[in-house]
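Sharing a structure below in structure tokens format, with a few things to ask.
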């Protein structure tokens, strides 16, 4: 997982890990704060049962059970808060996830930055012929393409500065800036909804730039919630669902030539798997 355009800052001046990842040279994701932990997810779930009504089990097993069966409210008890610097056109995709709380840098009150996103290398790709939102193979004329980007950026920034020099209000002067202009925001979200965001935005069908930011976020929160993220990878990120008809195909072609012991499933998971296979078969 990860991208050549994502660089982790591993240590600070004191030799301690930095909660920051550089994205696309000019952008970044910083993990400002977390609330809760794997144990807090477990504690939130156990209070639902009441004291003495449930046997003690390992935190990992309970977390995996909760996520596997979509008991999501315990994961909402944990939160993460990021400081993100990103192009405006990627910010618009971030805003789509309305389950988060955010506060963005305001071009009405402050002068916008003179920094713009410049795609490099194989990010400069042809339009896909099979996916209206996707990319195909990289284009060869990278220098000419980057020139066009920079030409627009330079002209837009000059026009913006000229308008400010004429004392035009900032909220109107910013209208000449392209969506590649960098902005910043504080973005806070609970763990359940973060997993929903990551499932969509780390997917191969997501735009590559937002994938880079999503992967940077995941890289930062994974050490904070190791058991929850392990379950996320097994039951959300790496999982798929099947239609009724697809399940009929699977059932009809199960011939007993396999053994579940080879797939690292717990006894409970093996039982649940067989129950799912048999569901609707009668």
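Can you find a residue that is part of a helix (DSSP H, G or I), touching a residue at least 24 places away in the same chain (Cβ under 8 Å) and crowded, with 16+ Cβ neighbours inside 10 Å anywhere in segment 241-259? Steps first, answer last, please.
Just the residues of segment 241-259 that are part of a helix (DSSP H, G or I), to begin with: 244-253.
If we keep only those that are touching a residue at least 24 places away in the same chain (Cβ under 8 Å) as well, we get 244, 247, 250-251.
Within this subset, residues satisfying the condition of being crowded, with 16+ Cβ neighbours inside 10 Å are 247.
Checking segment 241-259: at least one residue is part of a helix (DSSP H, G or I), touching a residue at least 24 places away in the same chain (Cβ under 8 Å) and crowded, with 16+ Cβ neighbours inside 10 Å.
Give the number of residues within segment 151-169 that are assigned to a loop (DSSP other than H, G, I, E, B) and surrounded by 12 or more Cβ atoms within 10 Å (Cβ to Cβ).
1
Each row is one residue, and each column tells you yes or no for (1) closer than 17 Å to residue 71 by Cβ; (2) modelled with pLDDT of 80 or more.
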| position | (1), (2) |
| --- | --- |
| 228 | yes, yes |
| 235 | yes, yes |
| 267 | no, yes |
| 278 | no, no |
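Can you find even one residue in segment 124-138 that is at positive phi, part of a loop (DSSP other than H, G, I, E, B) and either modelled with pLDDT under 95 or outside the structural domain of residue 215 (by TED's automatic domain parsing) (or both)?
For segment 124-138, residues at positive phi, part of a loop (DSSP other than H, G, I, E, B) and either modelled with pLDDT under 95 or outside the structural domain of residue 215 (by TED's automatic domain parsing) (or both): absent.
Residue by residue through segment 94-123, note down the ones that are within 16 Å of residue 207 (Cα to Cα), touching a residue at least 12 places away in the same chain (Cβ under 8 Å) and either out of contact with any strand residue (DSSP E or B) (no Cβ under 9 Å at 6 or more places or on another chain) or assigned to a loop (DSSP other than H, G, I, E, B) (or both).
97, 117, 118, 119, 120
Same structure, new question: Do we have residue 227 as in contact with a helix residue (DSSP H, G or I) (Cβ under 7 Å, 6 or more places away or on another chain) and either under 30 Å from residue 118 (Cβ atoms) or surrounded by 18 or more Cβ atoms within 10 Å (Cβ to Cβ) (or both) here?
Answer is yes for this residue.
Among (1) within 30 Å of residue 71 (Cβ to Cβ); (2) assigned to a helix (DSSP H, G or I), which single condition is residue 148 missing?
(1) is the only condition that residue 148 fails.
Just checking, does segment 189-203 include any residue being part of a helix (DSSP H, G or I), out of contact with any helix residue (DSSP H, G or I) (no Cβ under 6 Å at 6 or more places or on another chain) and not assigned by TED's automatic domain parsing to the domain that holds residue 44?
no
Considering only segment 59-76, I want to know if a residue exists there that is assigned to a loop (DSSP other than H, G, I, E, B) and in contact (Cβ under 8 Å) with a residue 60 or more places away in the chain.
yes
The values are calculated or read from the model by the stated rules, or taken from the named source; none is laboratory data. Being a predicted model, the structure only gives us computed values, none of them experimental. We place every Cβ from the backbone using ideal geometry, glycine too, and count neighbours over all the protein chains shown.
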